[in-house]
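See structure below.
The values are calculated or read from the model by the stated rules, or taken from the named source; none is laboratory data. Every value quoted in this text rests on a predicted model; they were computed, and no experiment measured them. Here Cβ is always computed from backbone atoms with ideal geometry, including for glycine, and neighbour counts include all displayed protein chains. With ligands, DNA and RNA removed, areas are computed over all heavy atoms of the protein, side chains included. Shrake-Rupley method; radii C 1.70, N 1.55, O 1.52, S 1.80 Å.
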Amino acid sequence: MKFSLKLLLCTMMVLATALGFSGYYFVNYVFETSIAREAQQALDDDSILRFAFETAALNVPAKYDMLQDQTVEQIASNLETGGQNTRRMLRLCDEQKNVLYMSDGFVADDGLLVQTDESTRTWQVVRLDNRFYIRTGSTVNALNRVLYLETMRNVSEVFEERELGFKVYRRVTILMLFLGALIMHFISSWLTRPIRQLTKATKHMAAGEYDYRARKVSNDELGQLTKDFNRMAEALENNMNELEAQIQDREDFVAAFAHELKTPLTSIIGYADMLRSRKLDEEKSFLSANYIYTEGKRLEAMSLRLLEIIVTKRQKIEMQLISTDSLFDYLQNMFAGEREMDFCFSREKAKVWAEPNLIKTVLVNLVDNACKASEAGGKIEVCGSCTENGYRFDVRDYGIGIDNKELKNITKAFYMVDKSRSRSKNGAGLGLALCVEILYLHKSRLKIASEPGKGSRFSFVLPMEIKQQENAADGTAQETKAGGLI
Ligand code: ADP
């Protein structure tokens with residue numbers, strides 16, 4: 001069953017119960033009040049009749065010292081007509097509660113008579129042929145006699161009014177329920193609008209439309225739920241996109257890996273086949289063997305690099321405080337005289353938090369790439385400077401540069417802008433991928449700026465040791481272990 005229908009039914013049930021109870025209570029309250037008023041009226045009539053009877057008894061001739069039954073009947077008959085057109089209904093009984101006089105139609109029931117005595121006036125409602133009466137009972141003292149007087153007053157109108165009240169209220173209740181159902185139908189469908197929006201969104205998302213969002217149509221708890229749902233959908237979509245990108249990267253990686261394996265293997269197999277199937281002269285044999293050797297070496301280097309990347313990814317590093325001098329000395333020793341390049345090393349002295357061997361690998365890779373991208377004798381600048389964010393390393397060359405659209409790809413494994421050029425320089429497109437992994441472990445990022453024909457700048461920042469700072473204002477000294485953000 002739909003939630004809006006449930007809401008409608010529940011409201012209607014509550015409305016019907018409330019209207020039913022309040023109607024019953026109201027009509028009954030009016031009825032009780034009317035009956036009480038009629039009872040009071042009947043008792044007043046009873047008092048008047050008693051008084052009239054006692055007055056009439058006083059007029060009986062003095063020769064009778066006791067009221068005769070006949071006289072009682074005579075007086076009762078007179079009181080019954082009351083000298084008017086209306087007839088009263090009454091009954092008079094003697095001391096032994098034997099009936100002396102009874103009006104026509106008076107209910108011959110002694111229930112009330114039994115309860116009546118000299119000190120008690122009683123009344124009750126009786127029903128006779130679908131008519132209702134208030135019956136009163138009291139005693140009359142006249143000429144040394146105590147008689148029992150009972151009267152009956154027609155109150156059928158009050159009962160009819162009650163019936164009419166119930167009838168009218170029933171109709172009003174049905175009308176109210178009908179109108180209430182109509183209004184509640186609109187209210188419940190308005191209230192459940194956010195739920196319908198959410199259901200619609202889940203259906204769209206289940207059908208693969210992950211960018212579909214539920215429309216927020218209220219500012220209450222359901223509106224908040226819609227907001228949270230959309231936030232969750234956003235997070236899921238992002239995660240999925242990320243996973244898809246990762247899968248795509250992995251597939252690209254496998255494809256590139258297979259391709260990188262295939263190229264040297266094809267040469268190796270070709271030259272090996274030549275060696276085993278033909279008798280070559282000494283020079284050709286040497287060239288073939290040399291080709292097999294260099295391509296084998298390239299494969300070996302490539303597998304070592306791959307291993308390095310995999311190991312780095314799984315590694316947990318222990319950061320140490322190392323001096324930038326040691327890093328620069330290492331680089332200078334490594335590249336001094338080895339290549340015909342115009343190196344320029346400039347540094348600011350500082351201590352940085354890093355894993356020394358891994359950071360050396362990054363720097364060597366960047367400088368090596370700069371050499372490969374430059375002509376012989378080209379200028380390569382390696383700088384270290386203290387910045388607000390930490391210690392910044394820059395490797396700058398004035399070589400071939402990189403096209404803007406290639407920039408986002410060059411850190412992907414096996415990606416080479418110019419494959420033949422890279423391979424000729426023993427490249428496999430793995431160096432920058434390794435650098436990115438290492439810097440990721442250091443919570444740092446590789447920034448690349450390049451312009452084709454003008455050269456490139458590769459830079460990254462490492463956290464720096466913050467030196468003791470004298471606080472001039474209060475004379476206290478502070479030392480922080482690691483500072484700077486990347
Ligand atoms: P490789 O082993 O081929 O050097 P890298 O991952 O280090 O692999 O570099 C990927 C590609 O990025 C290189 O093939 C080269 O095309 C380009 N590249 C890297 N550094 C530079 C640079 N300093 N100048 C121009 N191109 C560069």
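A few comments on the model shown:
- Cα shape, segment 1-140, gyration tensor, a/c 1.5 rule: prolate
- In loop segments of segment 386-470 as defined by DSSP, the trypsin sites (Lys or Arg not before Pro) with at most 15 further C-beta atoms inside 10 Å of their C-beta are Lys408, Lys425, Lys443, Arg445, Lys454.
- Exceeding the 24 Å Cα-Cα cut-off - candidates Lys412/Lys447; Lys227/Lys443; Lys313/Lys379; Lys349/Lys447: Lys227/Lys443; Lys313/Lys379
- Relative contact order of segment 72-115, pairs being alpha-carbon contacts under 8 Å that are 6 or more residues apart, as %: 30 percent
- For segment 235-326, GluC sites (Glu not before Pro) meeting the loop criterion (DSSP other than H, G, I, E, B) and having at most 16 other Cβ atoms within 10 Å: Glu318.
- Förster radius 30 Å - calculated FRET efficiency between Glu251 and Asn389 (Cβ-Cβ, nearest 0.05): 0.25
- Entry note, the chain: relative contact order of 9 percent, from Cα contacts under 8 Å with a spacing of 6+ residues.
- Cα coordinate range in segment 376-456, projected on the principal axes (Å, largest first): 40, 29, 23
- Between segment 131-168 and segment 352-415, the alpha-carbon center distance in angstrom: 115 Å
- Sites listed here are trypsin sites (Lys or Arg not before Pro) in segment 56-145 whose DSSP assignment is loop and whose Cβ has at most 13 other Cβ atoms within 10 Å: Lys63, Arg87, Lys97.
- Oblate is the label for segment 312-351. Its Cα gyration tensor axes, ordered a ≥ b ≥ c, give a/c of at least 1.5 and b/c at or above a/b.
- The gain in end-to-end length when the Arg37 to His259 segment is fully stretched comes to 69.0 nm, 0.36 nm per residue minus the alpha carbon separation.
- Accessible surface, the chain, averaged per residue in Å² (probe 1.4 Å): 62 Å²
- Shape call, segment 289-383: gyration tensor on alpha carbons, a/c limit 1.5: oblate
- Placing dummy labels 7 Å off each Cα toward the beta-carbon, the span from Phe26 to Arg121 is 3.5 nm.
- Simple Cβ-charge dipole of segment 202-344, Lys/Arg +1 and Asp/Glu -1, about Cα centre, in debye nearest 20: 540 debye
- A 1.4 Å probe over all protein chains sorts His185, His442 by accessible area into His185, His442, starting with the largest.
- The length gained by stretching the chain between Lys349 and Ala301 to full extension, at 0.36 nm per residue less their Cα-Cα distance, is 13.8 nm.
- Between Leu275 and Lys379, the modelled labels are 4.7 nm apart [label points 7 Å from Cα along Cα→Cβ].
- Computed label-point distance, nm, for sites Ser77 and Ile317 using a 7 Å Cα→Cβ extension: 13.2 nm
- Cross-link partners of Lys167 among lysines, defined as those whose alpha carbon lies under 29 angstrom from its own and excluding same-chain residues fewer than eight positions apart, are absent.
- Estimated FRET transfer efficiency when R0 is 56 angstrom, pair Glu283-Asn333 (beta carbons, to 0.05): 0.90
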